[in-house]
Amino acid sequence: MTLSRRAVLATGLAATAAPRVWAKPRLEYALKPRQVADGLWMLEGSTEYFTFENGGNIVNVAFAETDAGAVIFDSGPSRRYAEELRKLVSEMVPRGIAAVVNSHHHPDHFLGNQVFTDKPIHALEETKAQVALHGDGYADNMYRLVGDWMRGTEAVPPNTVLSSNDLTIGGRSFSAVPLGGHTQADLMILDRATGTALTGDLAFLDRTPTTPDADLPRWRESLDYIASLEPKGIVPGHGPFDTEGRSLVQTRAYLDWLDGALTDAAEDGLDMVEAMRIDMPDEFAALGAQPQEFERSVSHLFGEYERAALPEVN
Ligand SMILES: [Zn+2]
């Protein structure tokens, strides 16, 4: 039976008719692994800032095949991401997943952990402590930034604290080096078989380094250390695979410029808003996520530079 509009109105059905349901777009990351070395794959995120359009997929994740299954480096920004990651890796690596490693406590690197709680999730002790402390706040903030992509995501700390510089899984041997400077604890992994460094956010390429927890002198020391290893390839925390060490040079150059620019701005008496507007060299203005990341850095760091520029009072 088809009711005319008039008949519908007459019977009062219009008021109770079900609202039209629009098909929701399906949210999918469509992860595409790229092999970067023997038995080592990288999933490259966007170099943008977090947006609903990228769903928080701005981070690099990698996995290495071993005789015991895959070792996954960083678990991504959301439960949804990690579910796709787990499915993809399980299909590609015959023995499935052996373990996960968290490079540091920033949300895009660990918020997929809840999908891997049946596996060892290795990290430095301080990373575990920082996730326990800040994880819920990070997850809330990510919901605000990328919305429905985060549905069901909860912050789960790593469950296995690294106690040695050697991490051997399924016959594949990795150096696990505790460094810092991007955050309080940054784990660098060197895949000994291929000479590939997985730097976490100690190295960025073509994407602005982030500094909410940065200690710039320590970060530079960590970059020097990684360079001294002369890695054959680098999976940076953000940006493309690097076979020439560009990520180390570029990250170092940006941190040096940032340090000098904020020192000058504070000594010239600029306020924070004025400091956010200073001229940036083209090479840094061209990096992904500018000017947002520079402005965030000023808001995190400038207070310290202002204090340092104050005349000493005797
Ligand atoms: Zn980070």
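The values are calculated or read from the model by the stated rules, or taken from the named source; none is laboratory data. Since this is a predicted model, take the numbers as computed values, not measurements. Backbone-built Cβ (ideal geometry, glycine too); neighbour counts: all protein chains shown. The accessibility values were calculated without ligands, DNA or RNA, using every heavy atom of the protein model including side chains. Shrake-Rupley method; radii C 1.70, N 1.55, O 1.52, S 1.80 Å.
Looking at region 191-206, I want the residues that are modelled with pLDDT under 95 and among the basic types (Lys, Arg) and have a partner that is assigned to a strand (DSSP E or B) and more than 16 Å from the ligand (Cβ to nearest atom) with Cβ atoms under 7 Å, at least 6 apart or on another chain. Which pairs are those?
Note: no pairs meet the criteria.
Look at region 195-214 and say how many of its residues are within 13 Å of the ligand (Cβ to nearest atom) and surrounded by 15 or more Cβ atoms within 10 Å (Cβ to Cβ).
13
Taking region 67-87 as the search range and keeping residues that are out of contact with any Phe, Trp or Tyr (no Cβ under 9 Å at 6 or more places or on another chain) and more than 13 Å from Lys119 (Cβ to Cβ), which one is surrounded by the most Cβ atoms within 10 Å (Cβ to Cβ)?
The extreme case among them is Arg79.
Step by step: first the residues of region 142-187, then only those that are in contact (Cβ under 8 Å) with a residue 12 or more places away in the chain, more than 16 Å from the ligand (Cβ to nearest atom) and among the small types (Gly, Ala, Ser), then the one that is least open to solvent (accessible area, probe 1.4 Å). Which residue is that?
Restricting to residues being in contact (Cβ under 8 Å) with a residue 12 or more places away in the chain, more than 16 Å from the ligand (Cβ to nearest atom) and among the small types (Gly, Ala, Ser), the top hit is Ala176.
Tally up the residues in region 219-259 that are assigned to a loop (DSSP other than H, G, I, E, B) and without any contact (Cβ under 8 Å) to a residue 40 or more places away in the chain, please.
Summing the residues that are assigned to a loop (DSSP other than H, G, I, E, B) and without any contact (Cβ under 8 Å) to a residue 40 or more places away in the chain in region 219-259 gives 5.
Would you pick out the residues in region 108-123 that are away from the ligand (no atom under 16 Å from the Cβ) and either open to solvent by less than 10 Å² (accessible area, probe 1.4 Å) or closer than 19 Å to Leu198 by Cα (or both)?
Across region 108-123, the qualifying residues are Phe116, Pro120, Ile121, His122.
Among the residues that make up region 219-232, is at least one of them under 18 Å from the mean Cα position of the chain (by Cα) and away from the ligand (no atom under 15 Å from the Cβ)?
no
Which of the residues spanning region 260-294 are open to solvent by 70 Å² or more (accessible area, probe 1.4 Å) and part of a helix (DSSP H, G or I)?
Asp264, Glu267, Val273, Glu274, Asp282, Glu283, Gln292
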